[in-house]
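Below: one structure, written as structure tokens.
The values are calculated or read from the model by the stated rules, or taken from the named source; none is laboratory data. Quick caveat: nothing in here was measured; it's all calculated off a predicted structure. Using ideal geometry, Cβ is built from the backbone for each residue, glycine included, and neighbour counts are taken over all protein chains shown. Accessible surface areas use protein heavy atoms only, side chains included; no ligands, DNA or RNA. Shrake-Rupley method; radii C 1.70, N 1.55, O 1.52, S 1.80 Å.
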Amino acid sequence: KEPHRSEFTYGSFTRSFTLPTGIETDDIKASYDQGILTVRVPTPKAAKTEAKRITIAK
């Protein structure tokens, strides 16, 4: 007979991480559906950088 294996944990679970600077914490959304936790953290809009030509000295 095969041993019993359970993929479920019982009790509380906590995970924490540090967000990068510039994140608007009010815009973070989280949902839990059918055992899957989805957390959406919108990234800040990057400042547009212009292309710059650099001359190589000979």
Gain in span if fully extended, Ile23 to Ile56, counting 0.36 nm per residue against the direct Cα distance
8.1 nm
Would you list Lys29, Lys45, Lys52, Lys58 from the most to the least accessible area, probe 1.4 Å?
Lys58, Lys45, Lys52, Lys29
Sum up the charges of everything whose Cβ sits under 13 Å from the Cβ of Asp27, counting Lys and Arg as +1 and Asp and Glu as -1, but leave Asp27 out.
+1
